[in-house]
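K.L.:
Please see the structure below; I have some questions.
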Amino acid sequence: MLSGSPLEILFDLGSVAPVWHTLLGFSLLLVAGLGWLYLHASVTRRRFGGAVVFLAISFAAESVVPWLPRESKLAMTLRAIALLTFLFGLVRALVIMADHVARRRRTDFSTIFRDLATLLVYGIVFLLVARLELNVDVTPLLATSALVTAVIGLALQETLGNIFSGLSLQLQKPFEPGDWVRFDGHLGRVQGIGWRSTRLVTRSLELLDVPNALLAREVITNYRGTGIGDDLFVGLSYGAPPNRVKEIILRVLHHNRALATDPAPQVWVIEYGDFAVKYRIRFWMTDYSQQDRVRDEIMTSLWYALRRNGIEIPFPIRTLQLQRVRASFPGDIERQRDVMGALRQVDFLRGLDEEQLASLVPSLYDVEYGLGEIICREGETGNTFYVLRSGVVEVLAHGLRGEERHVADLAAPAFFGEMSLLTGEPRSATVRAKSDARVLVVEREGFDGLFRSNPAVAETISQTLARRQDELRERREQTAAAETAERISRRLLASMRTIFGF
């Protein structure tokens, strides 16, 4: 038989005066109370509160035991309670520590296994204390418990089926907490597997409590991995060459950072419809929970990209159009005046006369960009520059460590990209639409004719660009020995002559 209470076993207090036994018990009870307050100050440590409560009950019983006759039934019961709760507290603390270590190592630690193991150990401890401390014959208890278990098993067949199905799911691991799964028309992210059911949260933030037995019977699609495939379909005009369409769509997908690069997005022509050529767009997402947002971004950016490139999204109707050809279009004159007014806002074009400025108009066109779309990218070659008519764009550039940093915001009226067009240098920055923006695109062909017919204009433009570059370098203090404006002008003019051949 055990010697009695936990303190008597650990410290051999049989020969010690009762008062010291009681003081030790009260001291440990006080420590347990302070420990409980400390643990409840943190959500993480609060899990150990149950173990501390068990220990506090044990120490409270310890404080009373020394003052009772040792062989009395009350003393034996209190010693058994003290020993039982002390062991329960140790078991509880060890289980929580094991669970904590497993979660820190990101191990799939089953709560079902943990709870079953804890109950089994509690039962063994209870039987041992009853047998060794209270001299209770546990054989009838075991026989009775077997009978009770059989009765309970028959009454709780469905519940037990869910429990064992949960154990099966834990062993086979068709999914883990955090995975997105689809079954029987439902889609959700797994929160955890419990005794009876598995909890999932849908994209509408609805909580699904699915019986484990149902999941064990269903076919489950697990959207786990670095790339989760999805499809979009779009019908476009027969007048747009398919290869050109594919190039535009792939460029839109390339700019979306939420898509995986491996596997790469793909576009196929799948059908010649009644009124449109139908394309299938296949892409892979890095986070399936963002499916709706990613689809919205792709379809929004694609609308702007198709509009910029003059590709029609036809209506599903048959239309008979009658058009009368007019000899002149007054709107063309108004548009030319509007465009020339926008060009006058560009500093290096202000010195051109009406005829010279008008020679650029045939090579101009208006395009629209949506929020977040890339207008031009750093490092790429460019044969256009842009005059911002409406909206706001942001200028981004890579720093010394390769990180992308914000340089400036440009609001209409403004212009950018002229150095790449005139000198052939790669784009020095990335420009992205910060709102829906409308820009006037100026192509290199217009300057080609202007410089060939008026070489002096190129020299004037190069001097204006040189002064601006010189002022910018002085403001930024990039170099101690800066080139003079005259040397910069000669260098830019030489680059322009090489490109335009004048």
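The values are calculated or read from the model by the stated rules, or taken from the named source; none is laboratory data. Keep in mind that what you see is a predicted model, and the values were worked out from it rather than measured. Positions of Cβ are backbone-derived with ideal geometry, glycine not excepted, and every protein chain shown enters the neighbour counts.
K.L.:
Among the numbered criteria (1) surrounded by 14 or more Cβ atoms within 10 Å (Cβ to Cβ); (2) in contact with a strand residue (DSSP E or B) (Cβ under 6 Å, 6 or more places away or on another chain), which single criterion is violated by D209?
P.N.:
Result: D209 passes all but (1).
K.L.:
Now for a different question. Could you run through the range 284-303 and say how many residues are touching a strand residue (DSSP E or B) at 6+ places or on another chain (Cβ under 6 Å) and at pLDDT 90 or above?
P.N.:
1
K.L.:
Related question: What about I281, is it in contact with a strand residue (DSSP E or B) (Cβ under 8 Å, 6 or more places away or on another chain), at pLDDT 90 or above and loosely packed, with under 13 Cβ neighbours inside 10 Å?
P.N.:
Judged against the criteria, I281 is not a match.
K.L.:
Let me ask something else about it. Go through the range 284-308 and report how many residues are closer than 30 Å to V441 by Cβ and loosely packed, with under 14 Cβ neighbours inside 10 Å.
P.N.:
Here the count works out to 3.
K.L.:
Look at P314 and say whether it is farther than 27 Å from T202 by Cα, at pLDDT below 90 and not acidic (D, E).
P.N.:
yes
K.L.:
Additional query: Which strands (runs of 3 or more DSSP E) sit wholly inside the range 190-261 and have at least 2 residues that are at pLDDT 90 or above and not aliphatic (A, V, I, L, M)?
P.N.:
228-236
K.L.:
If you scan the range 218-271, which residues turn out to be more than 19 Å from D296 (Cα to Cα) and acidic (D, E)?
P.N.:
E218, E247, D262, E271
K.L.:
Restricting the range 332-373 to residues that are outside any helix (DSSP H, G or I) and polar (S, T, N, Q), which is farthest from A412 (Cα to Cα)?
P.N.:
Per the stated criteria, the residue is S359.
K.L.:
Taking E471 as the residue in question, decide whether it is modelled with pLDDT under 75, assigned to a helix (DSSP H, G or I), of a type in the set (D, E) and more than 38 Å from the chain's Cα centre (by Cα).
P.N.:
For E471, the condition - modelled with pLDDT under 75, assigned to a helix (DSSP H, G or I), of a type in the set (D, E) and more than 38 Å from the chain's Cα centre (by Cα) - is met.
K.L.:
Here's another thing I want to ask about it. Can you tell me which residue in the range 355-386 is surrounded by the fewest Cβ atoms within 10 Å (Cβ to Cβ), limited to those that are under 21 Å from H255 (Cα atoms) and of a type in the set (A, V, I, L, M)?
P.N.:
L371
K.L.:
Now for a separate question. How many residues does the range 387-437 contain that are closer than 24 Å to R344 by Cβ, free of Cβ contacts under 8 Å to residues at least 60 places away in the same chain and among the acidic types (D, E)?
P.N.:
1
K.L.:
State the number of residues belonging to the range 188-206 that are among the aliphatic types (A, V, I, L, M) and touching a helix residue (DSSP H, G or I) at 6+ places or on another chain (Cβ under 9 Å).
P.N.:
Adding up the residues that qualify gives 1.
K.L.:
Ok, one more. Out of all the residues in the range 414-456, which are in contact with a Gly (Cβ under 7 Å, 6 or more places away or on another chain) and either within 23 Å of G402 (Cβ to Cβ) or not assigned by TED's automatic domain parsing to the domain that holds Y369 (or both)?
P.N.:
G417, S420, P426, R427, R432, listed by residue number.
K.L.:
Out of the residues in the range 262-278 that are assigned to a loop (DSSP other than H, G, I, E, B) and acidic (D, E), which is farthest from R308 (Cα to Cα)?
P.N.:
D262
K.L.:
Another question, if that's okay. All but one of (1) buried (at least 18 other Cβ atoms within 10 Å of the Cβ); (2) among the basic types (K, R); (3) farther than 30 Å from V294 by Cα hold for R389; which doesn't?
P.N.:
Among (1) buried (at least 18 other Cβ atoms within 10 Å of the Cβ); (2) among the basic types (K, R); (3) farther than 30 Å from V294 by Cα, the lone unmet condition for R389 is (3).
K.L.:
Looking at V252, V201, V210 in this structure, which one is within 23 Å of Y304 (Cα to Cα) and among the β-branched types (V, I, T)?
P.N.:
Result of the check over V252, V201, V210: V252.
To keep it simple, each residue is scored yes or no on (1) surrounded by fewer than 16 Cβ atoms within 10 Å (Cβ to Cβ); (2) acidic (D, E); (3) closer than 24 Å to R92 by Cα.
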residue: H21; (1), (2), (3): no, no, no
residue: L28; (1), (2), (3): no, no, yes
residue: G33; (1), (2), (3): yes, no, yes
residue: Y38; (1), (2), (3): yes, no, yes
residue: A41; (1), (2), (3): yes, no, yes
residue: A60; (1), (2), (3): no, no, yes
residue: S63; (1), (2), (3): no, no, yes
residue: P66; (1), (2), (3): no, no, no
residue: P69; (1), (2), (3): yes, no, no
